[in-house]
1. Shape of the stretch 269-367 from its Cα gyration tensor (a ≥ b ≥ c, root eigenvalues): rounded if a/c is under 1.5, otherwise prolate when a/b > b/c, or oblate?
2. Kindly report the accessible area of the stretch 114-232 per residue (heavy atoms of protein chains, probe 1.4 Å, no ligands, DNA or RNA), in Å².
3. Can you tell me the length gained on complete extension of the stretch Asp65 to Asp418, counting 0.36 nm per residue apart and subtracting the Cα distance?
4. Ignoring ligands, DNA and RNA, what percent of the accessible area of the stretch 277-418 is carbon or sulfur (1.4 Å)?
5. Quick check on the chain: helices-only [θ] at 222 nm, where DSSP H runs of length 4 and up contribute -39,500 (n - 2.57) each and the sum goes over total residues. Nearest 500, please.
6. If you take every DSSP beta bridge whose two residues both sit in the chain, what share of them, in percent to the nearest 5, is antiparallel?
7. Please list 3J(HN,Hα) in residue order for the stretch 315-331, calculated via the Karplus relation 6.51 cos²θ - 1.76 cosθ + 1.60 where θ = phi - 60°; whole Hz, with x for glycine and proline.
8. Quick one: net charge of Ser303's neighbours, Cβ under 15 Å, K/R +1, D/E -1?
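The values are calculated or read from the model by the stated rules, or taken from the named source; none is laboratory data. On a predicted model such as this, the values are computed, not experimentally measured, just so you know. Here the Cβ positions follow ideal geometry from the backbone for every residue, glycine too, while neighbour counts run over all protein chains shown. For accessibility, only protein heavy atoms count, side chains too; no ligands or nucleic acids. Shrake-Rupley method; radii C 1.70, N 1.55, O 1.52, S 1.80 Å.
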Amino acid sequence: MRCSFAYQPGLFTETTDIASTHVRFSGRSGAFTDNMSLPVHRWYRYSAGFSADWVRWLVRERCSDTSTFSVLDPFAGVGTTLLACEAEQVRSWGFETHPFIHRIALAKLRGIHADIASVRDTLRQFVTGLPDEGLAVKREAPSLLARCYSPESLSLLLGMRDHYLAQFDRGTPETELLWLVLTSILRTCSEAGTAQWQYILPNKSKSTVQSPLAAFQAKAVSILQDVEWAQRNSWAAKGSMIPADARAPRECGEVHVDAVVTSPPYPNNYDYADATRLEMTFWGEINGWGDLQDAVRRHLVRSCSQHASAERLVLEDVLAEQVLEPIRHDLSAACSRLAEIRETKGGRKNYHTMAAAYFRDLGLVFRALRPLCRPNAFLCFVIGDSAPYGVHLDADRWLGELALAAGFKSYSFEKIRDRNVKWKNRKHRVPLKEGRLWIEG
Ligand SMILES: C[S@@+](CC[C@H](N)C(=O)[O-])C[C@H]1O[C@@H](n2cnc3c(N)ncnc32)[C@H](O)[C@@H]1O
């Protein structure tokens, strides 16, 4: 059955009486910005995320029995789907291979069930134990950090980080919430601007910058209030994050679901590894951009040209893979065109191998999902197409065909919105779209 959507952003805020909410079609696409007004979801801004309201709406539409219904998000990001399922009392699982993003999702998922008094104590102990003299010490810092913060802010932040690492890095729900507070204030305290997506632009300055201690206090209070709110609203503890690769998931023996609700990376050259470069540099997990391939990118679906370049992929080898058989003809034509155009461009981006590897990876994802889905399960993939160098990659049709080849029964595409219509600096005029790929079976 195909579903038409009728969710309204802001449905599930603190003041909303969920039971009495009248839901009607709004036509708006779900975006993570909608989540920034929602308790818990607002703790960390992840531009790649989708709307939690929409997931809740969908679960309510399709779930007849919360005691048996279950949901999987194989690209779980910061846990939007799983948290929406907690709110709806539904069992859920999430896969996520970006280690830093996985930790954020887990911190949220466990944090909402933490003991409130212990969370409050941990936050208070952290602040009262901050060593005055330690905060003023000048520390060696990677150049990205030095470019993003004033010297005073940087000393304070690094002092807070070192205090956390020395005394609080214990992996409990309370200390992971504390880690999340520190992580989520890094952008608000930075003087550097950020792009529409999450890249940090150290050469562009911001008008409003918070001081680290004020930002910490505000975030800590907000998180504490949200934990109380989630508990007051009886959010369930039925979600499990697994650090599994959606292409070949392991340790998922108990996963059998009625629904897959997800948004995979798009083939649009967005670099998920780079999206957390500032935060991972701050925590000392990487020293710079060059470390991202090993630390993060190699675990992910190949959706950016940097990834394809690092792996030195050979186009013919990728295209020869059996999983691409249903779309090989059209995909090969697009990749050959990309390989030709590349020779005429200064940047010589590896979009040709990226495109081939992307659809190969998503083909494996559909194969992996088939045994995890119950016979009448449905899948909803929020997807977008792209046109690197102006060559259209027909994501909805190609992904639909890969799903059929993996053993699902049918697919249809529901467009949410047009893309590439208003950017002044767009590089090509190919009309693009974003929407929901519905797969039944
Ligand atoms: C579009 S985002 C999903 C965001 C999510 N809907 C949310 O609201 O937070 C896609 C996610 O897929 C993750 N990812 C990429 N390759 C993966 C893989 N092979 N297995 C699991 N997750 C992967 C990325 O790290 C990214 O967080």
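1. oblate
2. 48 Å²
3. Numbers: separation 353, 0.36 × 353 = 127.08 nm, distance 3.55 nm.
Extra length from Asp65 to Asp418 when fully extended: 123.5 nm.
4. Details: 2670 of 5820 Å².
For the stretch 277-418, the apolar C and S fraction of the accessible surface comes to 46 percent.
5. Computed mean residue ellipticity for the chain: -12000 deg cm²/dmol.
6. Once the DSSP bridges in the chain are tallied, antiparallel ones form about 55 percent.
7. Using θ = phi - 60°, the values come out as 3, 4, 5, 5, 5, 6, 5, 4, 4, 8, 3, x, 10, 4, 4, 6, 5 Hz.
8. Numbers: positive: Arg247, Arg297, Arg298, Arg302, Lys349, Arg360; negative: Glu96, Asp245, Asp271, Asp274, Glu311, Asp361, Asp385, Glu434.
Here the charged neighbours net out to -2.
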